[in-house]
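Some notes on the structure that comes next.
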Amino acid sequence: MSGFLKPLLILSASLAVVAAIAAWFAVPKYGNDAYLSCGLAALIVWVACGFGLLVAALAPNHHARLNALMGGMLVRMGLPLASLFIVPGSSGRLAEAGFANLLLVFFLAGLLIETPLLVGIIRRAQSGEQSGTGEDKRSSDNVANGAAT
C-alpha cells in the first residue's frame, strides 16, 4: 500500500499544476464558471487515475497486475466518458464554461502523468517478486515448508 501513496501524491501535485495552468487559460475565455468546470474536470480525472494506481498497487502477482491494468484502464476511460454525458446535461453553466475541453486537457495530462507512475509500480512489484520479497515468494515458501496448507 505504501507503493501507492507516493505516486498518488505525485499525481495530485501534477494535476494541481495542470489545473492552475488550465484555469489561467480558461477563465478569460469562459468567465468565472471556468474555475468550477476546471475543478470538477480535475477531480474526475484524479479519481479515475487514482483508482487505476490503487488497483495496480494492490495486485498480488504479475497475472493479476495485467488484469488490474486493464480494469484500471476501463475506469480511467469510463469515468471521464460518463461525466461527458452526465455533467453537461445536468448543468448548462458547466457546459458553457468549457467542461468538455477541460476534461480532455485533464484526461490527456493524467494519461501522461500516470503512465510512468504505473510503470514504476509494476517494476517495483516485479523486482520484489524476483528478489524473493514478493507475496508470491513468501506464500510459496510457506507451502513448501508445510506452514500453510
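Just so it is clear, none of the values below were taken in a lab; they were calculated from the coordinates. Treat the numbers as computed from the prediction; the structure is a model and nothing was measured. Don't worry about glycine lacking a Cβ; one is built from the backbone with ideal geometry, like all the others, and counts go over all protein chains shown.
Could you identify the single residue in ALA13, ALA26 that is crowded, with 18+ Cβ neighbours inside 10 Å and part of a helix (DSSP H, G or I)?
Working: ALA13 fails: crowded, with 18+ Cβ neighbours inside 10 Å.
Only one candidate passes the filter, namely ALA26.
Kindly indicate whether ARG76 is under 22 Å from LEU5 (Cβ atoms) and in a helix (DSSP H, G or I). So ARG76 passes the test.
Scanning the stretch 85-103 for residues that are polar (S, T, N, Q) and in a helix (DSSP H, G or I), which turns out surrounded by the most Cβ atoms within 10 Å (Cβ to Cβ)?
Out of the qualifying residues, it is ASN101.
Among the residues here, LEU53 does not qualify as hydrophobic (A, V, I, L, M, F, W, C) and surrounded by fewer than 16 Cβ atoms within 10 Å (Cβ to Cβ). When residues in the stretch 78-100 are screened for being over 19 Å from PHE25 (Cβ atoms) and over 24 Å from the mean Cα position of the chain (by Cα), 4 of them pass.
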